[in-house]
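Student: Let me give you the structure first, and then I'll get to my questions.
The values are calculated or read from the model by the stated rules, or taken from the named source; none is laboratory data. Remember, it's a predicted structure, so these values are computed and weren't measured experimentally. Backbone-built Cβ (ideal geometry, glycine too); neighbour counts: all protein chains shown.
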Amino acid sequence: MPTQDSLKRFIQTVAPSLRQLKDPIFIMDTELKIVWANEATYSVLRSDAKELIGNYCFKAIHGQEKPIGPCLAEACITTKEPHFFSANEPKLGGWIDVNVSPVFDEDGNVIGILHIAHNIDQLKYYQRELQYTRDILANIINSTPDLICYKDAQGRIIEANTAYLRNFEISGEDYKGKKNTELALLSKLPKWIFEHCEKLDEEVWRLRRPIHVREQFAPPGRPPRI
C-alpha cells in the first residue's frame, strides 16, 4: 500500500502537466500494469480507461501475454536508470522513440515507470527517401569515368567514386578520413603524386574559388594518366 500511495501522489503531481501533451504518455506500476495515461495515449490506441487502466503494458500495447524480451521497463526497475529505444509499434502509430524512466519514492525505491513515446514515422519516411536519393546519386557518380571525390576543409576524403579509387590504385574503405599524403601509404603509386594533389587542395582552399588544371602523371611501368 505505501508504494501505491506514493505512486498515486506522483500521478496527482504530474498529471495536470502531462495530460494535454501531444505525445502518448502513460505510467505503470512495478508489475507493468498501466495505472494512468494521457489523452494522446487513449487517442492513438483508440481505447478508453476501462480497456487500458489495470492492464499489462505488454498486453495493451503489444498484444502479448508476457513482456517482450528484453523489456526495458523491467530493466528500469532493476537498474533504476532510464532507458531509450526506437521501435516500430503499429498500435502507437508506427515508428516511435520511447523513453522509459523509473519513478522513485522519497526513499529512492522504484515505485513505477514513466513511459513516453514520440512518433518518428515521418522522420523514418524522409530517411528512407534520403537514402534512396543517395543511392541514385552514388550510382550516377560511380558510373562516370571522371575522377570525383569529396573532401572536408582539412582535405580529408569523405567519399570517392570508383574511377578515383581505380586511378589512384586504392581499394577498400580505408581511404575515408585520410588526406592525400596519407593515401600514399595505401597505394603503389609514387608519393609525389599524392603530395601534388594535396598542394592543389591547399591552393583551392586558400583562393576560395574553383580552379581548373590538367594533370598528367606516368606511373612506373604503366600508361600515362591525364
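Student: Return the total of residues in region 19-35 being closer than 17 Å to V98 by Cβ and either in a strand (DSSP E or B) or polar (S, T, N, Q) (or both).
Tutor: Of region 19-35, the ones closer than 17 Å to V98 by Cβ are 21-28, 32, 34.
From the residues that got through so far, the ones that are either in a strand (DSSP E or B) or polar (S, T, N, Q) (or both) too are 25-28, 34.
Looking only at that region, the number is 5.
Student: Can you find, within region 106-125, the residue that is farthest from K199 (Cα to Cα) among those that are exposed (fewer than 10 other Cβ atoms within 10 Å of the Cβ) and free of Cβ contacts under 8 Å to residues at least 40 places away in the same chain? Break it down into steps so the answer makes sense when it comes.
Tutor: Of the residues in region 106-125, the ones exposed (fewer than 10 other Cβ atoms within 10 Å of the Cβ) are 106-108.
Next cut, free of Cβ contacts under 8 Å to residues at least 40 places away in the same chain only: 107-108.
Details: D107: 65, G108: 62 Å.
By that ranking, first place goes to D107.
Student: I would also like to ask the following. Does region 162-185 hold any residues that are at pLDDT below 90, small (G, A, S) and surrounded by 13 or more Cβ atoms within 10 Å (Cβ to Cβ), and which are they?
Tutor: Of everything in region 162-185, just one residue is at pLDDT below 90, small (G, A, S) and surrounded by 13 or more Cβ atoms within 10 Å (Cβ to Cβ), namely A184.
Student: Now for a different question. Can you name the residue in region 46-88 that is loosely packed, with under 12 Cβ neighbours inside 10 Å and in a helix (DSSP H, G or I) and, of all such residues, is modelled with the highest pLDDT?
Tutor: My answer is T78.
Student: If N180 passes every condition in (1) in the same structural domain as R208 (by TED's automatic domain parsing); (2) closer than 30 Å to D23 by Cα but one, which one does it miss?
Tutor: (2) is the only condition that N180 fails.
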